[in-house]
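Okay, structure first, notes after.
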Amino acid sequence: MKNFRIIPRLEVKTKHLIKGIQMEGLRKVGCPVEFSIKYSKEKADEIFYDDIVASLYDRPYDLKMINKISKNLDIPLIVGGGIKSLSTAIEVFKNGADRVSVNSAALLKPSLLREIAKIFGSQSVAVQLQIKKLNESYEVFAESGRERKNIDLFDWIKIVQKFGVGEIICIFIDRDGMEGVADIEILKKIRNQTKVQLLYGGGISKYDEIKLIKSLGFNGVCISTSLHFNKMKLNEINRDI
Amino acid sequence: MKKNVGILNFNYGNIKSVERSLSTFPISFQLVSAKKDLKDITHLIIPGVGSFKHVMSQIKEKSMTKPIKDFILHKPVLAICLGMQILFTKSEEFGNQKGLDIFKGSVKKINVNNPNCLVPNIGHLNVIGKSKNKILNKLSNKKYYFAHSYSCFPKKKYDHLSFDYSKKKYIGLIQHKKILATQFHPELSRKNGLDIYKWFLNF
């Protein structure tokens, strides 16, 4: 799988690795440090650390945790959730992030993306899209899918690229923690409108689904439930397809 | 003499990841943000994860242009990603910017002659090429981690290895005098990356 990235996504709430279904009903899975070491040994391409409550409860960032995770890796660490300002981003980079992912704060102030890119470069700024289908259109949400912003998915994809992000991480809320991936037509449309790196997350539970996402031109996948609960194994993902 | 590695620190970069790689070797290391910090340093690392304009303006603001250039003339330097790019004459990132002009050539967006190619390039990619330079041959045909929107286009011929992206060849690594410059991130490239540090520290 040439240059296609397999990325374990670790959602973290107050020092615990957690997992929910459609971003609700969170349950504890284990220790994020231990899981990140395990995934890095199993040849994950990157680790995506996603603090799912830092933004919602406006908590100070758990920099110690990022430091601990970073210390044990030999691959890149993407840090997301609660990157609310340039100064938070700077602190997060100082403590071990190799790239940051922004969602809620960018929805309030898209220019934050450019501010970070101006110091760290576009390749170091990702934006996470929490996507939900409402009637016939798709919208992006804030705060782990809790807050509707009335922003159309495709309008937002245009805006974030204008503000200089290097990567778009699409997480489909309705597929989160489920089995089965999002509708192919919408994924094709997203790829068509995106000129930067593009990752997919939500419902991956079969090796063929990774193959499918790759064939649509995506650059990688974020996987959580299937890896955390041993439904899929990183070393069994065929990298040669 | 005990090896003491300096890491250039201007409030950018992924310094923790560089420190993590260095901590696997029996050496000491420290951050460098002023001329006086260069005094006790045997090796210098210019980290990546930054923008050309920001880093060059910091270097100028702190009057570090000449001290860094003098250091590079005499002692080993590992320049990573953006660190490699600022060694060139100029860059197009956020407008035209002047670099340290140690390598002759320019830094341009990777899709400059190739509109179909995605920017940035991110991922673990094979570095390829043969060279008379023995070190380069050892480092070739291995995977390293890349994350960049810009690439180096030298005007002179330097010993180098390449990588393929979107059916084009780009410069992956240059070895010139005491400089090892990598477009990729050795600190994010598993064991292959640590081999780069090992080679650099033995320089």
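The values are calculated or read from the model by the stated rules, or taken from the named source; none is laboratory data. Note that the structure is a prediction, hence the values are computed from the model and not measured. Cβ sites come from the backbone with ideal geometry, for glycine too, and all protein chains shown count toward neighbours. The area values use the complete protein model at the heavy-atom level, side chains included, leaving out ligands, DNA and RNA. Shrake-Rupley method; radii C 1.70, N 1.55, O 1.52, S 1.80 Å.
Filtered by the rule that a residue be in a strand (DSSP E or B) and either open to solvent by 10 Å² or more (accessible area, probe 1.4 Å) or touching a residue at least 60 places away in the same chain (Cβ under 8 Å) (or both), the range B:81-109 gives B:F88, B:T89, B:K90, B:Q97, B:K98, B:F103, B:K104, B:S106, B:K108, B:K109. Of all residues in the range B:158-172, those that are under 17 Å from the mean Cα position of the chain (by Cα) and either closer than 23 Å to A:Q197 by Cα or assigned to a loop (DSSP other than H, G, I, E, B) (or both) total 6. Determine if the range A:166-178 includes at least one residue that is in contact with a helix residue (DSSP H, G or I) (Cβ under 6 Å, 6 or more places away or on another chain), crowded, with 22+ Cβ neighbours inside 10 Å, within 14 Å of chain B (Cβ to nearest Cβ) and in a loop (DSSP other than H, G, I, E, B). Yes, the conditions are met somewhere in the range A:166-178.
Per the listing B:N126, B:N116, the residue uniquely open to solvent by 30 Å² or more (accessible area, probe 1.4 Å) and at pLDDT below 95 is B:N116. Quick check, is B:Y144 over 15 Å from the mean Cα position of the chain (by Cα) and within 14 Å of chain A (Cβ to nearest Cβ)? Against the criterion (over 15 Å from the mean Cα position of the chain (by Cα) and within 14 Å of chain A (Cβ to nearest Cβ)), B:Y144 does not qualify.
Restricting A:Q130, A:Q123 to residues that are surrounded by 20 or more Cβ atoms within 10 Å (Cβ to Cβ) and touching a Ser or Thr at 6+ places or on another chain (Cβ under 6 Å) narrows the list to A:Q123.
Sort out which residues of the range A:98-136 are in a helix (DSSP H, G or I) and touching a helix residue (DSSP H, G or I) at 6+ places or on another chain (Cβ under 7 Å), and write them in order of number.
Those that are in a helix (DSSP H, G or I) and touching a helix residue (DSSP H, G or I) at 6+ places or on another chain (Cβ under 7 Å): A:A105, A:A106, A:L112, A:L113, A:E115, A:I116, A:K118, A:I119, A:F120.
Please give the number of the condition B:V55 fails out of (1) in a helix (DSSP H, G or I); (2) among the β-branched types (V, I, T); (3) within 14 Å of another protein chain (Cβ to nearest Cβ); (4) touching a residue at least 60 places away in the same chain (Cβ under 8 Å). Just one mismatch for B:V55, condition (4). Could you grab me the full set of residues in the range A:69-98 that are facing chain B (nearest Cβ under 7 Å), aliphatic (A, V, I, L, M) and open to solvent by 10 Å² or more (accessible area, probe 1.4 Å)? Within the range A:69-98, just A:I90 meets the criteria.
The set of residues in the range A:179-198 that are away from every other protein chain (no Cβ under 14 Å) and either within 19 Å of A:R146 (Cα to Cα) or assigned to a helix (DSSP H, G or I) (or both) comprises A:I184, A:E185, A:I186, A:L187, A:K188, A:K189.
For B:N126, the conditions (1) polar (S, T, N, Q); (2) within 12 Å of chain A (Cβ to nearest Cβ); (3) in a loop (DSSP other than H, G, I, E, B) all hold with the exception of (3). Look at (1) in contact with a Phe, Trp or Tyr (Cβ under 8 Å, 6 or more places away or on another chain); (2) at pLDDT 95 or above; (3) open to solvent by 50 Å² or more (accessible area, probe 1.4 Å); (4) away from chain B (no Cβ under 13 Å) and you find that A:E147 fails only one, number (2).
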